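Reading through the structure tokens given below for one structure.
The values are calculated or read from the model by the stated rules, or taken from the named source; none is laboratory data. Keep in mind that what you see is a predicted model, and the values were worked out from it rather than measured. Neighbour counts are summed over all protein chains in view; Cβ atoms, including those assigned to glycine, are modelled from backbone coordinates with ideal geometry.
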Amino acid sequence: MKKILKNTLAAILLAGIAIHVTAAAQSKYEILRKQVATEVMQEMQASGTSPNEAEISQRVIAKLRTRQNEYSDAMKEDCIRDYGKANQKQCQCFINKVDYNAHLARMEKALNADPKIRAAEVEKAQQLRQEQEMTAIKACDLSIAHSQETPKASSKTDLLTKTIIGELLQQAKSAEASGKPLTETQIPQMLADKLHTHLADFKQASKEDCLSTFGSDKKSECQCFADKLDYEAQFSLVIKTLEGEPQAQKKARQARQQAIMTTGKACGLSASIAKAKKQK
């Protein structure tokens, strides 16, 4: 059961199977979220509990609420990264106007709602936050026209990852509802199968994300990256990241990142990667 819990947590909260050359350029919020998710995962493993998806999310939200200052600071740093240092005051204005603590409280309430309406309540909370953010962007003069870089939508690999995770969770729920819950070896194997099935999709998504990040003038370099990256090895490391102990997980993540960076360098993207790091 612990392995199932660990795999599910990692899949839902860490979403760590995005494969593209910009994987190192995570937002401050994403880094904090993953730290919190890891803490929750370790606590649950230690207690031997097997909570449902809603309880997992509730625990993560509860931890984020206790780290509200870090949460706000991370959001501000991400704003400055997207809109530039010249807009520091506007970013502080944005953080002041969007009450993220209230958002977390709404999310917590939504996750505690009756299962029949839970998804709808979560969607309402998310929509309200987005509306407040858009209002704050306008009020704080953070329109796209003033940004150094248009805020990025979710990457193609992130969207593909979420699709795969959604499919996996739905299968797990169906199996549980039928009275035949998945065994501790089935979830990672099912994830591995889905990754292999979507190999061509990952290649295309990696290329598109590379072009989105480094520009259309890097078309040949991005094609090289998409062709040369060893996806089978990446998928194997993903499974190790989900199955192993904390130290083994760390080594697997480092190995994945090193392979991605090495492939980028081999395809002439090293200078672009270094520039992206400096701009973080």
Open item on the list: Return the residues of segment 82-98 that are touching a Cys at 6+ places or on another chain (Cβ under 8 Å) and of a type outside the set (Phe, Trp, Tyr); say none if nothing qualifies.
Closed with: ASN87, GLN90, CYS91, CYS93, ILE95, LYS97
- [ ] Answer with yes or no whether GLU30 is under 25 Å from MET134 (Cα atoms), at pLDDT 85 or above and out of contact with any Ser or Thr (no Cβ under 6 Å at 6 or more places or on another chain).
- [x] no
TODO: Check segment 146-154 and report whether any residue there is modelled with pLDDT under 80, buried (at least 18 other Cβ atoms within 10 Å of the Cβ) and touching a Ser or Thr at 6+ places or on another chain (Cβ under 9 Å).
DONE: no
Task: Number of positions in segment 205-225 that are in a helix (DSSP H, G or I), of a type in the set (Gly, Ala, Ser) and modelled with pLDDT under 90 - done: 4
Task: Out of ILE117, ILE80, ILE61, sole residue that is under 19 Å from the mean Cα position of the chain (by Cα) and either on the phi > 0 side of the Ramachandran plot or among the hydrophobic types (A, V, I, L, M, F, W, C) (or both) - done: ILE61
Open item on the list: Just the residues that are touching a residue at least 60 places away in the same chain (Cβ under 8 Å), among the hydrophobic types (A, V, I, L, M, F, W, C) and buried (at least 20 other Cβ atoms within 10 Å of the Cβ), please, taken from segment 53-95.
Closed with: CYS79
Open item on the list: Restricting to segment 100-141, and then to whatever is at pLDDT below 85 and outside any helix (DSSP H, G or I), can you tell me which residue is surrounded by the most Cβ atoms within 10 Å (Cβ to Cβ)?
Closed with: ALA113
